[in-house]
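Rule-based calculations on the coordinates, nothing more; no lab input. The model shown is predicted, which means the values in this text are computed figures rather than measured ones. All Cβ positions, even for glycine, are placed from backbone atoms using ideal geometry, and neighbour counts span all protein chains on display.
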Amino acid sequence: MNAYQNFLDFFSMHNKERLDGLSESYFTAMTPAERGTEESVHGLFRADPVHAVEVMERRLDEGTLSGEAQIAAAWNLRRNGSDTDFLPIFIRYMSSPDRHLRRKAAYFVPAEFSYELKAALQAMIRTENEQLPRIHAVDTLLACYGVSEESVGDDMYCCLYLGLHSEDPSAKERAFKRLDALYE
């Protein structure tokens, strides 16, 4: 049995070993590729969030995680109270050639307004050809501005949403300006 399968099997245990929690031995036998998956990152945070913070901050610094795992680590670290700014990780993957990484970055990035995030989301909305990454970018941008049907009304929300999804670049730019006007 490989080390990664051993790690996965841990979650179906019901004995004393499960109660003791995951130990470092579950990870040391894994290959770098096995340790650097999105699934293993989420698994570590579910099993032992306190230990995971230290391990994943170190792994991000070492650069040993895949792109999906970096996004998962940044999201989990942020959720678990890490003081580090992970926004550059999300922004970097929003312009990745890989549509799955763009989709995940736009979906998992914290929707907290910053000019860097606003610029990255706007750039993605202007250029994204794939539907799902664009949907996530639009949804996150609207959330950054605090825009919902309840906050601006159905008509304005639909106008903004459709404008941001428009094939017409000038309609997108008008929607960006309306968002800025709402935020002021």
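When Leu182, Leu77 are sorted by how many other C-beta atoms sit within 10 angstrom of their C-beta, beginning with the fewest, the order is Leu182, Leu77. Fewest-first ordering of Cys158, Cys144 by other beta carbons within 10 Å of each residue's beta carbon gives Cys158, Cys144.
Where the eigenvalues come from the Cα gyration tensor of the stretch 83-143, what are the semi-axes √(5λ) of the equivalent ellipsoid, largest first, in whole Å? Intermediate results must be reported in sequence, preceding the final value.
Details: eigenvalues 55, 30, 19 Å².
After scaling each eigenvalue by five and taking roots: 17, 12, 10 Å.
What chymotrypsin sites (Phe, Trp or Tyr not before Pro) does the stretch 93-159 have in DSSP loop regions with at most 13 other beta carbons within 10 Å?
Numbers: sites: Tyr93, Tyr107, Phe108, Phe113, Tyr115, Tyr145, Tyr157; in loops: Phe113, Tyr145.
Passing sites in the stretch 93-159 are Phe113.
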